1. Which percent, nearest 5, of DSSP beta bridges in region 88-292 are antiparallel?
2. With θ set to phi - 60°, apply the Karplus curve 6.51 cos²θ - 1.76 cosθ + 1.60 along region 246-261 and write out the HN-Hα couplings as whole Hz, x wherever there is a Gly or Pro.
3. Can you list the HN-Hα couplings for region 132-143, worked out from phi with the Karplus curve (6.51, -1.76, 1.60; θ = phi - 60°), rounded to whole Hz and with x for Gly and Pro?
4. How much length, in nm to one decimal, is gained on full extension between E167 and V200, taken as 0.36 nm per residue of separation minus their Cα-Cα distance?
5. In sequence order, what are the phi-derived ³J(HN,Hα) couplings for region 157-170 according to the Karplus relation 6.51 cos²θ - 1.76 cosθ + 1.60 with θ = phi - 60°, rounded to whole Hz, with x for glycine and proline?
6. Defining a contact as two alpha carbons under 8 Å apart and six or more residues distant in sequence, what relative contact order in percent does region 88-292 show?
7. Can you sort E174, E114 so the residue with the fewest Cβ neighbours within 10 Å comes first?
8. What's the extension gain from A10 to K31 if we count 0.36 nm per residue and subtract their Cα-Cα distance?
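Quick note: the coordinates plus some simple rules give every number you see, no bench work behind them. Values in this document were obtained by computation on a predicted structure and should not be read as measured data. Using ideal geometry, Cβ is built from the backbone for each residue, glycine included, and neighbour counts are taken over all protein chains shown.
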Amino acid sequence: MKGIDFAQPAFLYLLLFIPLMIGFYIVKQQKANASLTVPGLAPFEKSGKTFRYLIRHLLFGFRTTAISLLIIVLARPQSTDNFQDVSTEGIDIILTLDISGSMLARDFRPDRVEASKNIATEFITGRPYDRIGLVVFSGESFTQCPLTTDHAALINLLREIKCGMIEDGTAIGEGLATAINRIKDSYAKSKVIILLTDGVNNRGLIAPMTAAEIAKTYGIRVYTIGVGTQGVAPYPVQTPFGVQYQDMQVEIDEAILKDISKMTDGRYFRATDNEKLKQVYAEIDKLEKSRMEVKQFKLKEEKFGIPALIAFCLILLEVIFKTTILKSLT
């Protein structure tokens, strides 16, 4: 919403003197006209009014307009734009992605890990005010990127992750614990972990529910996402003839993922294809935005420059006219 406001609106009352000035000028002009008695008007019928006579009131017009504009300048006109901005404390989010070998399954396009990276990138781009970090896990876990507002750097690091970077397996508890360690000391009003996996916990020294209890202790909300179609999916299998894809049963420990989210006041989602995964991230984005505090503020810009410049030009024109073509009339 855009408009004009005045920092010192009381000065605008001075504009009430402008009609008084005009009235005083009219009365003064009438009194200044001399009367001449002549036997008839015939001798003056052909004598027209000169250009100088017609524009003799310009000086007063310049002066009156300049005074009006200077009064507006004194009132300090400002443009105002109403904005809505998130609280400066914002939300801290750790994305925790499974990069085990099974994430290369082709039930997503082009596969689960690439689809997860692409949709996570859109999620990051849509939350410019938040600090976001990245943890990856398979047989073990590590921090790919700590919490940061440099989303360009985060996205570059996200694009670099791939299956096989670390020992294979699915250490859900380890991945969640690493994410907790990265966010637990945050002073943000809302601390969130989004944990995405396609399997069953089979590695690591920390049980998933133990990590969930720790998250609850620190007030961290965990959204869990199970990635994989219903039934079977084409998984990559190493054979003597190279990597081939074989249909295998999709196994996701939904019970554990639901328990983690329930314990931490989060939610569990199941994504069976690219579009469903995109909808999951959109839902999480909506849920977290609804929790953010919002404040209104006004960004003001001074707008007295143009009326001040016009007033100066009018004063200058008055001086020029007064000392040149209208000199003999003043």
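1. 35
2. Those phi angles translate into 10, 6, 9, 5, 7, 10, 10, 7, 5, 4, 5, 5, 5, 5, 4, 5 Hz.
3. Karplus-based 3J(HN,Hα) across region 132-143 equals 10, x, 9, 10, 10, 8, 8, x, 9, 9, 7, 8 Hz.
4. Values: separation 33, 0.36 × 33 = 11.88 nm, distance 1.57 nm.
Extending this stretch completely gives an extra 10.3 nm.
5. For region 157-170, the Karplus curve yields 5, 5, 5, 7, 6, 7, 5, x, 5, 9, 3, 6, x, 9 Hz.
6. 23
7. On the way: E174 25, E114 17.
So the ranking, lowest neighbour count to highest, is E114, E174.
8. On the way: separation 21, 0.36 × 21 = 7.56 nm, distance 3.49 nm.
Net length gain for the segment: 4.1 nm.
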